[in-house]
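Following: one structure in structure tokens, then a few remarks.
The values are calculated or read from the model by the stated rules, or taken from the named source; none is laboratory data. Source: prediction; values computed, not measured. Note that each Cβ is placed from the backbone with ideal geometry, even for glycine, and that neighbours are counted across all protein chains shown. In case anyone asks, the SASA skips ligands and DNA or RNA and just uses the protein heavy atoms, side chains included. Shrake-Rupley method; radii C 1.70, N 1.55, O 1.52, S 1.80 Å.
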Amino acid sequence: MIRKLTLAAALVLAAPAMAADEGGYATYELALRAGQLENAADALVAVLEDPEQAADHGKAWRAIATLLETQGLPYASLVAWSHAIATDAQSTAGDIAKVMDLAASLSDEEILGPVLGSNVGIQGLDAPTRSRMAYVAARHQLRRGNLGTALGILMMVEEGTPVFAHAMALRGVVLANQGRHADAVTPLVTAQAAARQAADFPEADRFDDVVELNIARTYYGAGNWTQAIEWFNRVDRKSEYWAQAQFERAWAHFRNDDMQQALAALHTHDTPFFDGWYWPEADLLRAYALFTLCKFGSATAEINEFVETYTPVSEALGSQLGALDEAAAFADARTFVEGGTPKLPPMMLRDFRHDDRFAEAVAGTDKAKEELAKLAKMTDRPFVRAAREWVTDRRDERVAEEGARVLDRARKARAELSQTLQAAEITRVDMLQMQAEMYERATETGKLDFGDQIGKLRNLRKARKGYRVWPYQGEVWADELGWFTVDARADCPESLAEGKAR
Amino acid sequence: MRFPRRLAVLFAGLWSAAPVHAAETVDIGVLRNEDITVVQQLLYPKTRRTEFGVHLGYVGFDAYVKSPNVQLSFARHLDEQLAISVVAGGGYGFKTSAYRELESPTYGVAPYAYRYLGSVLAGVEYAPVYAKLNLDGARIVHFDVYGALRGGATVEQSVLPDAELAFAPTLSPAVGARFYLGQSAAMHVAFRDDLLVERRPLNQEWAFKQNANVTVGLTFFSARPERR
């Protein structure tokens, strides 16, 4: 009896070994049939690591993706799915929707961008899935700067699908990036209308603000300043994009040769509410607008303030940039976003607080970290080692990508600031000369005519129905941001007016 | 050194003038505060909106009767300044300690006083002043100050045991402030002086009476009309 039992046990123990001897995909099937999921996963890893079994790689990736998900390893499963689609996309057609849901739940739709982009011709997908797939792929292509490809892929998005509004907005952005501003307005307006009509549209207000900002930018790109100003003004005051929209509105006024309103729009950014925001361009634009009105005193003060504010920022960037690699830059930006003290100047990192892509990367890397912690507790075997490697690689890849964005932004800022700070010194000297000339003229004429200030206020009150007119006394109230107007006399000396000084 | 008197006067003038000139800044080449104006879109428009509210009031300036009361208000705003207004309310006047003392055996006098029971008034509101308060730099409270003139009727009751009723034609000037709590609500603080003429049966005389009512209330606005 004991001899019979020993034999039976030996057979059971031998079964996997015998299957392993057969090798290849069959080993996996045998193990699976025997309910030995971990052995099955190990067998699949063996197949995937063997270039001679390349013909089976497509089904092996699919199989291991499914197995890993059942083992509670969704991130490793997602990586495997991305390989499965890349290797044999058509066979994964029935799984695409599920995989996109998995990617979204792990905040890593980006991993599917390249593989979906290369396989947009998969047959047998329903309209919502194909549209969603096309949107994810097109967004990836846009981020890589492949505008033509992105545009082509977006043609596959069908009207009425949940991603239609997003896809139209993306189409508008791509067209604007291609310089086709006139063509870009229609898809953007369509996107806004589609989102507004949708019964349940996530983050509808935010989407509306982004689209309005993009429409404004498109008009700006087309040189239609009036329309651009109109659309910049439509961005809601409560929106995180409002201050940016107001800044860009100032540019539109400036390009429209309306220095008064450019100054008015920029006055908002000069208030204490925006201390610590990174807006060197706003300071310079204000200085330039003041300069064109020959407000040399104010322009000089503006440049002095610019130098005072941004010299330390430029120096800090100079000292930190060499010391940070991509991973450190990502960690630094993350520290700031989470309320900590970063090594890079905080004003440089402010935009990352509202950066969806960065937020997704943070969430995704956190999920990868959780999974790696789980893998560390599992028995060390081939599929565990492989899963650990895949998740680690993907996490590092995302960290490197986002870290590179942080560094890229910081490097560009450093270069711009260095150049501008040098130019500011020269401008200050020029300005002093012009200021002297202006005082000379004032001494000669002996009269400063500022017009009838009270009369101006009264006229404004009559002219602007539906508005309240308040005098400005140097004190900034939160509710007045964005409502400033400027009506300043130009103080230009004759020589400047005649163009002698230019 | 001593100066001749005329020169001393001249230099004295210079000395006194110098600081004045020094204190005057040269307003050239700079953007002045006066060059900037705040042209703010109406945050709380009232035109073509209806305002309903409930107010707690207290007629407290009468030596003999103190009357807590509740008022319901309705206003239709014709524009940002002018509104048609209806206020109806009721309350009950309680004898003051002074009255009770007079009633007591010590004095044995019962003054012929009337208590407020209710009123209905209609008229106009005019809000010429619009202003705002800065609470902490970031929290701004907008408010307007209005005057109102309403007319109507008040019902009063004698505090004597006979409890005779009097129906009095009433003219009611008022001033108040409306503090905006949001797009659809406002807090009111108002002072209203109801001027009554009432026929009092006991002595068969016409009497003039003032009910000075201080009210605090909460009002709600109808939705903003679509732009034409």
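Does A:Val174 fit the bill of being of a type in the set (A, V, I, L, M), assigned to a helix (DSSP H, G or I) and either open to solvent by less than 60 Å² (accessible area, probe 1.4 Å) or touching a residue at least 60 places away in the same chain (Cβ under 8 Å) (or both)?
Numbers: of a type in the set (A, V, I, L, M): yes; assigned to a helix (DSSP H, G or I): yes; either open to solvent by less than 60 Å² (accessible area, probe 1.4 Å) or touching a residue at least 60 places away in the same chain (Cβ under 8 Å) (or both): yes.
Here the answer is yes, as A:Val174 does meet what is asked.
Yes or no, residue by residue, for (1) out of contact with any Leu (no Cβ under 8 Å at 6 or more places or on another chain); (2) at pLDDT 75 or above; (3) more than 30 Å from A:Pro345 (Cβ to Cβ):
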| site | (1), (2), (3) |
| --- | --- |
| A:Ile426 | yes, yes, no |
| A:Thr443 | yes, no, yes |
| A:Lys447 | yes, no, yes |
| A:Phe450 | yes, no, yes |
| A:Leu457 | yes, no, yes |
| A:Lys465 | yes, yes, yes |
| A:Val469 | no, yes, yes |
| A:Gln473 | yes, yes, yes |
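Based on this model, can you work out whether A:Trp231 counts as in a helix (DSSP H, G or I) and open to solvent by less than 50 Å² (accessible area, probe 1.4 Å)?
So A:Trp231 passes the test.
For the range A:177-221, name all the residues that are in a helix (DSSP H, G or I), within 16 Å of A:Leu154 (Cβ to Cβ) and open to solvent by 70 Å² or more (accessible area, probe 1.4 Å).
A:Asn177, A:Asp183, A:Thr186 - these are the residues of the range A:177-221 that are in a helix (DSSP H, G or I), within 16 Å of A:Leu154 (Cβ to Cβ) and open to solvent by 70 Å² or more (accessible area, probe 1.4 Å).
Residue by residue through the range B:136-172, note down the ones that are surrounded by fewer than 21 Cβ atoms within 10 Å (Cβ to Cβ) and basic (Lys, Arg).
Scanning the range B:136-172 gives a single hit, B:Arg139.
Pick out, from the range A:264-353, the helices (runs of 4 or more DSSP H) lying fully within it that include 2 or more residues that are under 26 Å from A:Gln435 (Cα atoms) and either hydrophobic (A, V, I, L, M, F, W, C) or more than 14 Å from every other protein chain (Cβ to nearest Cβ) (or both).
A:280-292, A:296-321
Is there a residue in the range A:181-197 that is aliphatic (A, V, I, L, M) and in contact with a Leu (Cβ under 7 Å, 6 or more places away or on another chain)?
Pass one, the range A:181-197, residues aliphatic (A, V, I, L, M): A:182, A:184-185, A:188-189, A:191, A:193-195.
In the following step, the residues that additionally are in contact with a Leu (Cβ under 7 Å, 6 or more places away or on another chain) were identified as A:184.
Within the range A:181-197, one or more residues are aliphatic (A, V, I, L, M) and in contact with a Leu (Cβ under 7 Å, 6 or more places away or on another chain).
For A:Leu290, indicate whether it is of a type outside the set (D, E, K, R), crowded, with 18+ Cβ neighbours inside 10 Å and out of contact with any helix residue (DSSP H, G or I) (no Cβ under 6 Å at 6 or more places or on another chain).
no
If I filter the range A:276-285 for residues that are open to solvent by less than 40 Å² (accessible area, probe 1.4 Å), under 16 Å from A:Ala216 (Cα atoms) and out of contact with any Asp or Glu (no Cβ under 9 Å at 6 or more places or on another chain), do I get at least one hit?
Taking every residue of the range A:276-285 in turn, none turns out to be open to solvent by less than 40 Å² (accessible area, probe 1.4 Å), under 16 Å from A:Ala216 (Cα atoms) and out of contact with any Asp or Glu (no Cβ under 9 Å at 6 or more places or on another chain).
Between a first residue in the range A:106-120 that is under 11 Å from A:Ala89 (Cα atoms) and a second residue that is β-branched (Val, Ile, Thr), which pairs have beta carbons less than 6 Å apart while being 6 or more apart in sequence or on different chains?
A:Val115/A:Ile85; A:Leu116/A:Val136; A:Val120/A:Ile153
Residues in the range B:145-154: is at least one aliphatic (A, V, I, L, M), under 19 Å from B:Pro68 (Cβ atoms), out of contact with any helix residue (DSSP H, G or I) (no Cβ under 8 Å at 6 or more places or on another chain) and part of a strand (DSSP E or B)? Give the steps one after another, and end with the answer.
Of the range B:145-154, the ones aliphatic (A, V, I, L, M) are B:145, B:148-149, B:153.
Applying the additional criterion that residues be under 19 Å from B:Pro68 (Cβ atoms) yields none.
Looking through the range B:145-154, none of the residues is aliphatic (A, V, I, L, M), under 19 Å from B:Pro68 (Cβ atoms), out of contact with any helix residue (DSSP H, G or I) (no Cβ under 8 Å at 6 or more places or on another chain) and part of a strand (DSSP E or B).
Please pick out the residue among B:Lys95, B:Lys46 that is open to solvent by less than 30 Å² (accessible area, probe 1.4 Å), among the basic types (Lys, Arg) and at pLDDT 90 or above.
Of the residues listed, the single one that is open to solvent by less than 30 Å² (accessible area, probe 1.4 Å), among the basic types (Lys, Arg) and at pLDDT 90 or above is B:Lys46.
Every residue in the range A:103-133 that is open to solvent by less than 20 Å² (accessible area, probe 1.4 Å), in a loop (DSSP other than H, G, I, E, B) and aliphatic (A, V, I, L, M), please.
A:Leu106, A:Ile122
Need pairs with beta-carbon distance below 7 Å; first residue facing chain B (nearest Cβ under 7 Å) and within the range A:457-481, second of a type in the set (Gly, Ala, Ser); sequence gap 6+ or separate chains.
The qualifying pairs are A:Ala478/B:Gly137; A:Ala478/B:Ala138.
Any residue in the range B:184-204 that is more than 21 Å from B:Ala122 (Cβ to Cβ), among the charged types (D, E, K, R) and in a strand (DSSP E or B)?
yes
Going through the range A:264-275 one residue at a time, which ones are within 17 Å of B:Arg32 (Cβ to Cβ) and surrounded by 20 or more Cβ atoms within 10 Å (Cβ to Cβ)?
A:Ala264, A:Leu266, A:His267
From the list B:Tyr112, B:Tyr116, B:Tyr130, which residue is in contact (Cβ under 8 Å) with a residue 40 or more places away in the chain and within 14 Å of another protein chain (Cβ to nearest Cβ)?
Residue meeting the stated conditions: B:Tyr130.
Kindly provide the set of residues from the range A:464-495 that are under 24 Å from A:Asp236 (Cα atoms), out of contact with any strand residue (DSSP E or B) (no Cβ under 8 Å at 6 or more places or on another chain) and surrounded by 15 or more Cβ atoms within 10 Å (Cβ to Cβ), ordered by number.
Once the filter is applied, which keeps residues that are under 24 Å from A:Asp236 (Cα atoms), out of contact with any strand residue (DSSP E or B) (no Cβ under 8 Å at 6 or more places or on another chain) and surrounded by 15 or more Cβ atoms within 10 Å (Cβ to Cβ), the range A:464-495 yields A:Val476, A:Leu481, A:Gly482.
Answer yes or no as to whether B:Pro173 is within 30 Å of B:Arg200 (Cα to Cα), more than 14 Å from chain A (Cβ to nearest Cβ) and outside any strand (DSSP E or B).
No, not satisfied.
Taking the condition of being over 40 Å from the mean Cα position of the chain (by Cα) and part of a loop (DSSP other than H, G, I, E, B), how many residues in the range A:451-480 meet it?
Taking the range A:451-480 as the starting set, the residues that turn out to be over 40 Å from the mean Cα position of the chain (by Cα) are A:451-463.
So of that shortlist, the ones also part of a loop (DSSP other than H, G, I, E, B) come out as A:451-452.
Final tally of qualifying residues: 2.
In the range A:246-263, what residues are assigned to a loop (DSSP other than H, G, I, E, B) and either touching a helix residue (DSSP H, G or I) at 6+ places or on another chain (Cβ under 7 Å) or open to solvent by less than 20 Å² (accessible area, probe 1.4 Å) (or both)?
Result: A:Asn256, single match.
Tell me the residue from B:Ala212, B:Ala207 that is among the hydrophobic types (A, V, I, L, M, F, W, C), open to solvent by less than 60 Å² (accessible area, probe 1.4 Å) and closer than 18 Å to B:Val87 by Cβ, please.
So the residue among B:Ala212, B:Ala207 that is among the hydrophobic types (A, V, I, L, M, F, W, C), open to solvent by less than 60 Å² (accessible area, probe 1.4 Å) and closer than 18 Å to B:Val87 by Cβ is B:Ala212.
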